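Let me begin by presenting the structure, written as structure tokens, before commenting on it.
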């Protein structure tokens, strides 16, 4: 991957985003364009998503086909570590699992368990005292820095190390109603989640903050380009395609602009490069499609993305279903795809079909990706069918999928 210093003007940013959204599947054409002009687009993976839609065989493939082995870890359950079975989030390190579930009154904060499933501590507590949050809606970890960052319904961030009792909190400076990722250099990148922009205001869609929350760099374009976030009178539906921002196992972040086929890799504020291009062709939504009826939408709307060393996962809307597709980076082939009705799957990160040890095929939640593993949660009611000592009222069971290399 060519990393090019990304200090460019607003005009250059707009041109880059427009160019990458129009990229075709002909890689030879792209190689005729200099890396300086395209921030390394010639070295990105290019996947023809438009034609992958018709690959019906991928719907029959299960997670087992790319798994070298699978391990199930029941989580300890007591009054201090109850995990609701919806709105689940999960992250993993070499020695811990971090799990949350539920919303508002059902949310018990972020809980830390060891790899045997034993409860360690409530790493992010719900409350209004020092080092607590009134609720936890967004959180992520940085395994290299061994810290967790969390936020509730406010533009503030709580940072805590899981090795010590040290914690700090500060307001995020900037315009983002935000998602955020903690980068390996100690800084943060955040992006807009939703909102209405005042007339004449510029829209900052990426903010880079230092370790104290002060903005070091913003990337923005004029409001006339960002029609996506301007309210349309009489339309109550939420837009279906948001900015994407998720942590990468490499220590940086994956980012996707709206109505753009390109997923970028962010190493830090000065290094942003195209990483994967999912060409949607005629199925890419336009501004007029923002408030389309998702139950019959004929366009593909990106919702989330993540990766391992070998596989790339993309979550997207299409024709009333929320799909998770998994592509092999080596062959660029779609190896697994699973769809769910939109209403049933909005609270999940990703999902895939999996054949249980008893032969039954179920949909499992995939919540975290590392270099060679995928992590998910399996409802205790399902795990109880084939695991001794698990009761259907227990906490969800962590599912660790060791992927084929």
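General remarks:
- Residue in the range 301-315 that is loosely packed, with under 15 Cβ neighbours inside 10 Å and closer than 27 Å to residue 117 by Cβ present: yes
- Selection count, the range 316-346, where residues are surrounded by fewer than 15 Cβ atoms within 10 Å (Cβ to Cβ) and closer than 24 Å to residue 85 by Cβ: 4
- Scanning the range 60-71 for residues that are within 23 Å of the chain's Cα centre (by Cα) and under 16 Å from residue 360 (Cβ atoms) yields 62, 63, 64, 70.
- Members of the range 58-115 found to be in a helix (DSSP H, G or I) and over 22 Å from residue 356 (Cβ atoms), listed by number: 104, 105, 106
- Any hit, the range 138-147, residues being in a loop (DSSP other than H, G, I, E, B), surrounded by fewer than 20 Cβ atoms within 10 Å (Cβ to Cβ), at pLDDT below 90 and under 23 Å from the mean Cα position of the chain (by Cα): no
For (1) modelled with pLDDT of 75 or more; (2) surrounded by fewer than 18 Cβ atoms within 10 Å (Cβ to Cβ); (3) under 19 Å from the mean Cα position of the chain (by Cα), each residue gets a yes or a no:
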{"residue": "150", "(1), (2), (3)": "yes, no, yes"}
{"residue": "154", "(1), (2), (3)": "no, yes, no"}
{"residue": "157", "(1), (2), (3)": "yes, no, yes"}
{"residue": "163", "(1), (2), (3)": "yes, yes, no"}
{"residue": "179", "(1), (2), (3)": "yes, no, yes"}
{"residue": "192", "(1), (2), (3)": "no, no, yes"}
{"residue": "199", "(1), (2), (3)": "no, yes, no"}
{"residue": "203", "(1), (2), (3)": "no, no, no"}
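- Conditions (1) under 18 Å from the mean Cα position of the chain (by Cα); (2) under 28 Å from residue 118 (Cα atoms); (3) without any contact (Cβ under 8 Å) to a residue 60 or more places away in the chain; number of the one not met by residue 340: (2)
Rundown of residues vs (1) touching a residue at least 40 places away in the same chain (Cβ under 8 Å); (2) within 30 Å of residue 208 (Cα to Cα), yes/no style:
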position: 62; (1), (2): yes, no
position: 66; (1), (2): yes, no
position: 71; (1), (2): yes, no
position: 116; (1), (2): yes, no
position: 122; (1), (2): yes, yes
position: 130; (1), (2): no, yes
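- The range 42-57, residues that are farther than 18 Å from residue 319 by Cβ and either assigned to a helix (DSSP H, G or I) or at pLDDT below 75 (or both): 42, 43, 57
The values are calculated or read from the model by the stated rules, or taken from the named source; none is laboratory data. Since the model is a prediction, treat every value here as computed from it, not as a measurement. Cβ: placed from backbone, ideal geometry, glycine included. Neighbour counts: every protein chain shown.
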